[in-house]
1. Among the residues of region 229-245, how many are surrounded by 13 or more Cβ atoms within 10 Å (Cβ to Cβ) and without any contact (Cβ under 8 Å) to a residue 24 or more places away in the chain?
2. Test each condition in (1) away from the ligand (no atom under 13 Å from the Cβ); (2) closer than 19 Å to E227 by Cα; (3) of a type in the set (G, A, S); (4) surrounded by fewer than 23 Cβ atoms within 10 Å (Cβ to Cβ) for A36 and report the one that comes out false.
3. Any chance region 17-29 includes a residue that's away from the ligand (no atom under 12 Å from the Cβ) and closer than 27 Å to S241 by Cα?
4. Of the residues that make up region 97-116, is at least one crowded, with 21+ Cβ neighbours inside 10 Å and either within 21 Å of G141 (Cα to Cα) or among the small types (G, A, S) (or both)?
5. I'd like to know if region 24-31 contains one or more residues that are within 19 Å of S231 (Cα to Cα), surrounded by 24 or more Cβ atoms within 10 Å (Cβ to Cβ), touching a Gly at 6+ places or on another chain (Cβ under 9 Å) and of a type in the set (D, E, K, R).
6. Could you say whether any residue in region 170-185 is within 19 Å of F255 (Cβ to Cβ) and either buried (at least 21 other Cβ atoms within 10 Å of the Cβ) or among the β-branched types (V, I, T) (or both)?
7. From (1) over 19 Å from D239 (Cα atoms); (2) in contact (Cβ under 8 Å) with a residue 24 or more places away in the chain, pick out the condition that doesn't hold for E107.
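The values are calculated or read from the model by the stated rules, or taken from the named source; none is laboratory data. Not measured: the values here are computed from a predicted model. With ideal geometry, Cβ positions are generated from the backbone for all residues, glycine too; neighbour counts draw on all protein chains shown.
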Amino acid sequence: MGIIEKMRLDGKNIFVTGGARGIGKSVATAFAEAGANVAIVDLDINEAKKTAMELEKNHSIKAIAIEADVTKPDDVNAMIATVLDVFGRLDVAFCNAGICMNIPAEEMTFEQWKKVIDINLTGVFLTAQAAGKVMIEQGGGSIINTASMSGHIVNVPQPQCSYNASKAGVIQLTKSLAVEWATKNVRVNCISPGYMGTELTLNSPSLKPLIEQWNKMAPLHRMGRPEELQSICVYLAGDTSSFTTGSDFVIDGAFTCI
Ligand code: NAD
């Protein structure tokens, strides 16, 4: 079998949090194209259903939509139960749901701080933990978390200390889980994207004026496209990445190099 064939995901069962739109939807589409069944997990069930229907229509796979808030343990456990009920097994988890708030540190309320940390860091922990438990019992699996280049650098000029802290946390969480679960055949990696053109960035009124400035600073003078994260995630989900665990893939068009 050639390397491209080996990278296919036929028969694998995957859940994608924040899968209704943006990076999650793009990566879920790549998983489906590679032959995997996909559960689209999101707070926004209407958009999640549309995405799941689109995947089933365009690819010969099974796709379902599940409403869940990744900050709520009961939602996460119910989501895993549904995935196992429908698919019978869980091979890959893409823990990707996240939000961003640009608020100066001295003005940030406790609730605003907590919301970002709860979704971006605790949400990744809860979904990765729940997936890991199933995978340990099954004898293996692959978990991919979405961090950010903001886990590496303090990107300017927008003030986003809660976002930066949450994403640095995701990177260390990823490495910690990778080490804890290494001998259990559960691999844990993360991606650290740079600025990507998605709803989170393009439709955020506070970010819009900054896009021109970022593009000027960026070595490639543009934002990334969600589809430019697809191949790394397909690689991490599949069996050819068997020696890749605890890694953080910075996909930022060299933004963190400047
Ligand atoms: P997006 O806003 O386009 O999509 C995020 C999705 O997550 C939405 O569908 C939303 O409903 C869902 N979501 C939010 N809170 C949730 C919760 N509590 N439970 C379940 N679902 C929830 O965002 P995106 O740009 O696709 O970002 C996806 C991930 O990538 C995030 O973790 C983000 O921090 C990260 N990221 C984005 C960029 C970028 O420039 N867009 C860069 C680096 C990292």
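1. 0
2. (4)
3. yes
4. Yes, because at least one residue in region 97-116 is crowded, with 21+ Cβ neighbours inside 10 Å and either within 21 Å of G141 (Cα to Cα) or among the small types (G, A, S) (or both).
5. yes
6. First, pick out the residues of region 170-185 that are within 19 Å of F255 (Cβ to Cβ): 170-171.
The next check asks that each one be either buried (at least 21 other Cβ atoms within 10 Å of the Cβ) or among the β-branched types (V, I, T) (or both); those that pass are 170-171.
Among the residues of region 170-185, at least one is within 19 Å of F255 (Cβ to Cβ) and either buried (at least 21 other Cβ atoms within 10 Å of the Cβ) or among the β-branched types (V, I, T) (or both), which makes the answer yes.
7. (2)
Each row is one residue, and each column tells you yes or no for (1) under 19 Å from N164 (Cα atoms); (2) among the β-branched types (V, I, T); (3) at pLDDT below 95; (4) within 13 Å of the ligand (Cβ to nearest atom).
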| site | (1), (2), (3), (4) |
| --- | --- |
| P193 | yes, no, no, yes |
| T201 | yes, yes, yes, yes |
| L207 | yes, no, yes, yes |
| E212 | no, no, yes, no |
| A218 | yes, no, no, yes |
| M223 | yes, no, no, yes |
| E228 | no, no, no, yes |
| L236 | no, no, no, no |
| C257 | yes, no, no, no |
